[in-house]
Amino acid sequence: MLHCMTSEPEQQLGVGTQDAFQRLWTPHRMAYIQGENKPTGPGAADGCPFCSIPAKSDEDGLVVKRGEQVYAVLNLYPYNGGHLMTVPYRHVADYTDLTAGETAELGELTKQAMTALRTASGAHGFNIGMNQGSVAGAGIAAHLHQHIVPRWGGDTNFMPVVGHTRILPQLLADTRKMLAEAWPT
């Protein structure tokens with residue numbers, strides 16, 4: 001048993017070799033791992049979630065802000081609490097295929113997302129970027145989207161390093177509401 005533990009580890013049958021680790025089960029992640037909500041092909045009609053989200057209510061689609069050409073939405077499988085994406089409405093895969101208006105609005109909504117995250121949650125910093133193509137890590141390569149991941153001092157703690165587990169302190173619906181209310185006008 002580890003010296004820092006204050007209680008005996010509970011018996012967990014069927015988890016492999018017994019050790020001193022507690023397990024935090026996150027079965028909701030299995031949907032992402034198995035490809036749920038991923039398109040069946042490259043076209044907009046191939047089940048692209050970024051094309052179907054705008055037809056939903058803000059609450060059901062986890063939309064935080066709607067612009068004219070781009071919208072901001074919470075990531076359904078976040079790296080950190082408040083993980084947003086800015087997404088053009090138009091089904092386009094490559095950054096170089098955006099119009100000047102889409103590029104400008106993508107940048108503006110990214111700035112607004114940073115402001116809202118600082119206001120609502122006191123984010124200390126951000127990871128911002130996009131993966132272009134599946135070989136670059138894009139989970140949905142056919143529809144461009146930019147990630148805005150808030151960061152806080154100390155948010156990289158032992159859980160992701162040792163436990164390969166993310167701790168998200170708030171439900172997505174509550175995060176969406178909080179950020180929508182904090183979004184700059």
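When the stretch 63-84 is filtered for residues that are surrounded by fewer than 22 Cβ atoms within 10 Å (Cβ to Cβ) and small (Gly, Ala, Ser), only Gly67 remains.
Consider Ala138 carefully, then state whether it is modelled with pLDDT of 90 or more, open to solvent by less than 60 Å² (accessible area, probe 1.4 Å) and closer than 29 Å to Thr96 by Cα. The answer is no for Ala138. Taking the criterion of being touching a helix residue (DSSP H, G or I) at 6+ places or on another chain (Cβ under 7 Å), open to solvent by 40 Å² or more (accessible area, probe 1.4 Å) and aliphatic (A, V, I, L, M), the only residue of the stretch 91-129 that qualifies is Ile128.
Matching residues to (1) modelled with pLDDT of 60 or more; (2) assigned to a loop (DSSP other than H, G, I, E, B):
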residue: Met5; (1), (2): no, yes
residue: Pro9; (1), (2): no, yes
residue: Arg29; (1), (2): yes, no
residue: Gly35; (1), (2): yes, yes
residue: Gly41; (1), (2): yes, yes
residue: Asp46; (1), (2): yes, yes
residue: Phe50; (1), (2): yes, no
residue: Glu59; (1), (2): yes, no
residue: Val64; (1), (2): yes, no
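The values are calculated or read from the model by the stated rules, or taken from the named source; none is laboratory data. Bear in mind that the values here come from a model prediction, so they are computed numbers and not experimental data. Here Cβ is always computed from backbone atoms with ideal geometry, including for glycine, and neighbour counts include all displayed protein chains. Ligands, DNA and RNA are excluded from the accessible area calculation, which covers all protein heavy atoms including side chains. Shrake-Rupley method; radii C 1.70, N 1.55, O 1.52, S 1.80 Å.
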